1. Consider region 485-541. How many of its residues are of a type in the set (Lys, Arg) and closer than 23 Å to Tyr565 by Cα?
2. Quick check on Gln92: is it under 14 Å from Leu310 (Cα atoms) and touching a residue at least 24 places away in the same chain (Cβ under 8 Å)?
3. Tell me which of these Thr328 doesn't satisfy, since it passes every other one: (1) free of Cβ contacts under 8 Å to residues at least 60 places away in the same chain; (2) surrounded by fewer than 19 Cβ atoms within 10 Å (Cβ to Cβ); (3) more than 27 Å from Ser83 (Cα to Cα).
4. Count, please, the residues in region 315-364 that happen to be of a type in the set (Phe, Trp, Tyr) and over 22 Å from Ser393 (Cβ atoms).
5. Looking at Tyr215, Tyr228, Tyr240, which is the one that is touching a residue at least 24 places away in the same chain (Cβ under 8 Å), of a type in the set (Phe, Trp, Tyr) and in a strand (DSSP E or B)?
6. Of the residues that sit in region 116-168 and are within 23 Å of Asp278 (Cα to Cα) and of a type in the set (Gly, Ala, Ser), which one is surrounded by the most Cβ atoms within 10 Å (Cβ to Cβ)?
7. Yes or no: Pro334 in contact (Cβ under 8 Å) with a residue 40 or more places away in the chain and either in contact with a Phe, Trp or Tyr (Cβ under 8 Å, 6 or more places away or on another chain) or hydrophobic (A, V, I, L, M, F, W, C) (or both)?
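The values are calculated or read from the model by the stated rules, or taken from the named source; none is laboratory data. Model, not experiment: these values are computed from the prediction. Using ideal geometry, Cβ is built from the backbone for each residue, glycine included, and neighbour counts are taken over all protein chains shown.
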Amino acid sequence: MLQWTSPHTEPFVFMNSGVETFVKRKCPVMNCYVTSNRNLLGDVTNFDVLLFHGKEVVENKPRYLPKRRTHSQKYVFSSMESSGNYPVPKIQYNNYFNMTWTYKLDSDIYFGYIVIKNRNGDIIGPHMVMHWMNNEEMLPINDTIKTKIANKSVAAAWFVSNCRSSNKRNEVFNSIKQEMIKYGMIVHVYGDCGDMSCPRSSMNDCLKLIETNYYFYFAFENSIAEDYVTEKLLHALKHYAIPVLDPTELARQMFEIINEPDRYNDFFKWHNHYSYHDLEESSDTDPYCKLCDYVNRVEFVVESKVISDLEYWWNPHVDPLKYILIWTWPNHDPLMYLGKGQETFVKKNCKVKNCFITTNKSYFKDITEFDVILFNGPEVVDKRSPKLPLKRSPDQNYVFASIESSDYYPICDNKFDGYFNVSWTYKLNSDIFYGYIIIRNKDGDVIGPKKEMHWMSIDEMQPINDTIKEKLSSKKKLAAWLVSNCNAPSGRDGFVKRVQNKLKKMGNGMTVDVYGDCGTTPCRRADMPKCLEMIEKQYYFYFSFENSFTEDYVTEKVLHPLQHYAVPVVFGTANYTRWMNHYTFHYVEEAPETDFHCKFCEAMNNNSLMKNTTVIQNFKEDLVENLECYLEDLVDSFENFVKKSLILISVGVGSMLVEHDSVQFFSMLNYMVTMLSQLLLYCWTGHELTIR
């Protein structure tokens, strides 16, 4: 058996190599030899079975799959990851795999987390249809169980490490917690998302705590998918706590059950009739033993079974994928963080994550099959940018994406009017906003930035607390500026020098300390947290000077002082009242509901937006400033200007000097210098200039 995908992911990581895992597990059949070495048998077609990890199959391009395959060779699709997080792409894997080895109950080989046995030790589940005894038929709990649950004192516990799951379990938990408080009940949260510790190495001790201390246990999965039930449920069942699965009227019911001991005892009557086990406790349920047994079956070897519609089988209740092609170079913001496949949307726990990203223009036979095509703005406006698509379907949406200033990358002609359907930029009037700052009120609600902000006045605000006073008390230095671009066209460096000169004349010892490539003190990107900590402790003010003057172009330069207790000093043309006040600011990727990649995928699934056949008509006017476009018009006539100037210089200068008409000469020279300075300003925007 060849592990075609990485051997370091579950379930492959526990297979080791050779026959080792089957021998250790005392499998009834153990003649299966596992390897990840594709060259072991000389040719990949010599392997009997190829194993594929579902997550990697979803994320990788088809060209990573085997190039050749024999009729007798069997391909196995394996995954313990939720189909909600990793749905299979359409079409390309239909009729490709022969067998499934997953947590889904209708898999060829079930690889889940729980086995259910009756009192006789017979395996009775889990199955698609279960025939349970009802509570009245069950025997009362015995004294042993009564003793175990007699000393419980705390309402509930939750063990959790993933604080940003996509199924909103955190929101459900918080709402339940608030209701529990009304009844005087406490819930303890263990792990990375709570204030109580339970390292993985001490899990057995932690589970004992559940058994002795807690009435209920929150068994919340991190993804919603049919049959995706993990060890979270098993922990509660095996340690005499009641698993909590449904939040409806939950707090009230928990309170009532805790205060009615007989009713609470009834939840454990099943111990007299059933038992719950991990699959790997016994070789007859061990999924690795099952795999080796299955591939040895004559019917498996002989029959030519294939899974005809893997996409539907794997994710029948999941929205179909949105296929998004990055047309331009992917290694620029914001496209560089989109990753491949659904990787980014899953990692960020986006509410909507059925967006599939690729840079492979040949992923489909026809480029018109993509739902969305993404274009990086700076490359689109660059004259050296790659050619645009030659074909386009009426249902296809083109997205213009940019977090670069329109001052740097202006669009100076009308060729893109009516071309793009969706804008994804830093501008507040974009279809999808991609900026640097999100503003929340104290309740956690997102309130900005917006075109019109309704701020509290200073008089309405509460005085600062002792914690903030303590942070401010150590400050001794006037202002800091962290900067790497020393020649920004905004002229910010000149402004800082003038401030420094003014402070020097004042003779009060105050300075503006410049850090980074443009200053005397280094601050490498890797050391940025330390630099910001220094600003928080030492500096009253921070120069939040953008490198470009453009409406709505407000970056992390404003975020740094706001998050580190310094007063930002701004210098630019943005309307800062859309961003600035004494509120709490949050970094943009703090939460999936505000994350700009998540917002992008949600927008790609917004029917009203994506089915809207309108396009951005006045793209030049809507998305760019006019200064550089004016300068481009100026450059168009530059050739004639140069010819005229050369004539004036070669012919006129001599006669003017002879006639001693120095006033006329210097007037003409001043005009030339003015025009050339405007030309230089245009060149500073980074655009190629061709002069014949």
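1. Matching residues across region 485-541 total 5.
2. Yes, satisfied.
3. (2)
4. Of the residues in that region, 3 qualify.
5. Being touching a residue at least 24 places away in the same chain (Cβ under 8 Å), of a type in the set (Phe, Trp, Tyr) and in a strand (DSSP E or B) holds for just one of Tyr215, Tyr228, Tyr240, which is Tyr215.
6. Filtering first and then ranking leaves Ala157.
7. Taking the combined requirement at face value, the residue satisfies it.
For (1) surrounded by fewer than 20 Cβ atoms within 10 Å (Cβ to Cβ); (2) without any contact (Cβ under 8 Å) to a residue 24 or more places away in the chain; (3) assigned to a strand (DSSP E or B), each residue gets a yes or a no:
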site	(1), (2), (3)
Lys361	yes, no, no
Glu379	yes, no, no
Ser405	no, no, no
Tyr409	no, no, no
Asp443	yes, yes, no
Glu470	yes, yes, no
